[in-house]
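Trainee: Before I ask anything, let me first share the structure, which is written out below as structure tokens.
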Amino acid sequence: MSEAAREISTFSNFAAGDEVGVSSWIPVDQTMISDFGRVTLDPDPMHIDPDWAVANGPYGGTIAFGFLTVSLLTHMLHDAMGSDPQRATGENGHFLNYGMDYMRLLSPVKVGSRVRGRFKVLETRTDAKERDIVKFGCEIEIEGSERPALVAEWLSIWMPPEAAASA
């Protein structure tokens, strides 16, 4: 990781193999699920219609959208790290989502469940454009379940100001 990134990065204290931490539990209620369906323009009744889901769905009620589960990763990572998600001015650059090398949704998150994230650093590297990349191992646990909701390898990229301006 570049010295500039190390100086301002909340990730700078971590190396490959390090445990980052575990987030607090997050309750997943029907309001959260329905709001997600509304903002993503996805009216799937398995998620947003409790009566339909009880009568017709395979889980006895509504479940969270898979992409809702994925979208909680950013909050969970900040919580696990104890970092402030508020952005600085960016004059030194930014860490941005870069994508996933791997992601599987293994178990449905039923309405009324609580979930939390567990993170570790799998790899840090610098690419050919001198951008620093951190690969996080992620697991979203469902309280009381042995099987996780999600496992993933999530990439974050450090964009120095000059790289961000030319992107």
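Trainee: Name the pairs whose Cβ atoms lie under 6 Å apart, with the first residue in the stretch 91-107 and small (Gly, Ala, Ser), the second at pLDDT 90 or above and not in a strand (DSSP E or B), and 6 or more positions between them or separate chains?
Mentor: Partner pairs satisfying both residue conditions: 107/147; 107/149.
Trainee: Here is a follow-up. Based on what the data block shows, is residue 137 over 20 Å from residue 62 (Cα atoms), modelled with pLDDT of 95 or more and loosely packed, with under 14 Cβ neighbours inside 10 Å?
Mentor: Details: over 20 Å from residue 62 (Cα atoms): yes; modelled with pLDDT of 95 or more: yes; loosely packed, with under 14 Cβ neighbours inside 10 Å: no.
When the stated conditions are applied, residue 137 does not pass them.
Trainee: When you go through 95, 119 one by one, which is the residue that is out of contact with any Gly (no Cβ under 8 Å at 6 or more places or on another chain) and over 25 Å from residue 53 (Cα atoms)? Let's see the steps before the verdict.
Mentor: Numbers: 119 fails: out of contact with any Gly (no Cβ under 8 Å at 6 or more places or on another chain).
When all the criteria are applied, what remains is 95.
Trainee: Then there's this: List, please: which pairs have Cβ atoms under 7 Å, are six or more places apart or on different chains, and start with a residue in the stretch 32-52 that is closer than 19 Å to residue 112 by Cβ and end with one that is of a type in the set (Gly, Ala, Ser) and part of a helix (DSSP H, G or I)?
Mentor: Hits for this filter: 44/37; 45/53; 46/53; 47/37; 48/34; 48/37.
Yes/no per residue for (1) exposed (fewer than 14 other Cβ atoms within 10 Å of the Cβ); (2) at pLDDT 90 or above; (3) of a type in the set (Ser, Thr, Tyr):
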| site | (1), (2), (3) |
| --- | --- |
| 54 | yes, yes, no |
| 60 | yes, yes, no |
| 70 | no, yes, no |
| 76 | no, yes, no |
| 79 | no, yes, no |
| 93 | no, no, no |
| 100 | no, yes, no |
| 105 | no, yes, no |
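Trainee: Here's another thing I want to ask about it. Considering only the stretch 26-36, I want to know if a residue exists there that is in contact with a Phe, Trp or Tyr (Cβ under 8 Å, 6 or more places away or on another chain), modelled with pLDDT under 95, hydrophobic (A, V, I, L, M, F, W, C) and part of a helix (DSSP H, G or I).
Mentor: If we filter the stretch 26-36 for residues that are in contact with a Phe, Trp or Tyr (Cβ under 8 Å, 6 or more places away or on another chain), which is where we start, we get 33, 36.
Subsequent filtering for residues that are modelled with pLDDT under 95 retains none.
Checked the stretch 26-36: no residue is in contact with a Phe, Trp or Tyr (Cβ under 8 Å, 6 or more places away or on another chain), modelled with pLDDT under 95, hydrophobic (A, V, I, L, M, F, W, C) and part of a helix (DSSP H, G or I).
Trainee: Kindly provide the set of residues from the stretch 48-63 that are in contact with a strand residue (DSSP E or B) (Cβ under 8 Å, 6 or more places away or on another chain), part of a loop (DSSP other than H, G, I, E, B) and under 12 Å from residue 33 (Cβ atoms), ordered by number.
Mentor: 61, 62
The values are calculated or read from the model by the stated rules, or taken from the named source; none is laboratory data. The structure displayed is predicted, hence computed values, not measured ones. Counting neighbours? That spans all protein chains shown, and the Cβs are built from the backbone with ideal geometry, glycine included.
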